[in-house]
Amino acid sequence: MNATVEALAFLLGFLAWLMVGIAIPNRYWKVSTVDGNVITTSTIYENLWMSCATDSTGVHNCRDFPSLLALNGYIQASRALMIAAIVFGTFGLVATLAGIKCSKIGGENYILKGRIAAIGGVFFLLQGMSTMIAISWYAANITQQFFDQFYPGTKYEIGEGLYIGWSSATLAMCGGACLMCACKRRCVEGKANLNSLGAACLI
């Protein structure tokens, strides 16, 4: 049963890591709203790296943000957190692959492998939390500006990139929690087996 849970946790972590990689370059983190606009000639959409616009003829124009220091603080923080999520997920995948019971890596020292897999679970949890904080912080600024009646700039709605990020964060935290629970149980069982073996030898 533990091996099945660990394999499922690894799959969840891999899917979460993959979805983070999809969410980061996705251009539709926020999309200009049509609410209250009588005539809309163009649609503006942005992510962490660029701003794009498409007109009524379907022509797309994108430009990278010219200066990192000129960006709002929440965008800079979201960039750092999403990159950290990719790094945490990579470490989590490597540690989990080395530590899960069905893997041949690391020999048959299941107590050590359980601890390594648990470290992978911690990395998955860190990945999920980093992604969740970045995505939720970015979304909070969108909704704050949207409901501010005195905000003079363009108002936006939440784009598909944020939903991908939320899904990734949920999968990563579920995978990390499952992995840590399974590995903790395995370590306890391994210690119990060693104690039983030692008692048998003494007898």
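The values are calculated or read from the model by the stated rules, or taken from the named source; none is laboratory data. No experiment lies behind these values; they were computed from the predicted model shown. Cβ coordinates were reconstructed from backbone atoms using ideal geometry, including for glycine residues, and neighbour counts include every protein chain displayed. Note: areas computed on protein heavy atoms with side chains; ligands, DNA, RNA excluded. Shrake-Rupley method; radii C 1.70, N 1.55, O 1.52, S 1.80 Å.
Structure notes:
- Check on residue 43, of a type in the set (Val, Ile, Thr) and more than 22 Å from the chain's Cα centre (by Cα): yes
- Just one residue in the set 17, 29 is in contact (Cβ under 8 Å) with a residue 40 or more places away in the chain, farther than 30 Å from residue 179 by Cα and under 17 Å from the mean Cα position of the chain (by Cα); that residue is 29.
- Criterion applied to 146, 150 was being of a type in the set (Phe, Trp, Tyr), modelled with pLDDT under 90 and closer than 15 Å to residue 29 by Cα, and the one residue passing it is 146.
- Top-ranked residue of the range 60-90 - restricted to ones that are among the polar types (S, T, N, Q) and either under 20 Å from residue 165 (Cβ atoms) or at pLDDT 90 or above (or both), ranked as surrounded by the most Cβ atoms within 10 Å (Cβ to Cβ): 78
- Selection count where residues are open to solvent by 50 Å² or more (accessible area, probe 1.4 Å) and β-branched (Val, Ile, Thr), scope the range 120-147: 3
- Restricting attention to the range 63-102 and to residues that are touching a Phe, Trp or Tyr at 6+ places or on another chain (Cβ under 9 Å) and among the hydroxyl-bearing types (Ser, Thr, Tyr), the residue that is farthest from residue 138 (Cα to Cα) turns out to be 96.
- Residues satisfying the stated conditions in the range 101-131, i.e. in a helix (DSSP H, G or I) and modelled with pLDDT under 80: 110, 111, 112, 113, 114
- Cross-chain or 6+ apart pairs with Cβ under 9 Å, the range 63-92 first and over 21 Å from residue 119 (Cβ atoms), then outside any loop (DSSP other than H, G, I, E, B) and basic (Lys, Arg): 68/79; 71/79
- Cβ-Cβ under 6 Å pairs, at least 6 apart or on other chains, the range 148-161 side at positive phi and surrounded by 14 or more Cβ atoms within 10 Å (Cβ to Cβ), far side of a type in the set (A, V, I, L, M) and in a loop (DSSP other than H, G, I, E, B): none
- Failed condition for residue 98, given (1) modelled with pLDDT under 85; (2) assigned to a helix (DSSP H, G or I); (3) exposed (fewer than 15 other Cβ atoms within 10 Å of the Cβ): (3)
- The range 30-42: number of residues that are at pLDDT below 85 and surrounded by 10 or more Cβ atoms within 10 Å (Cβ to Cβ): 5
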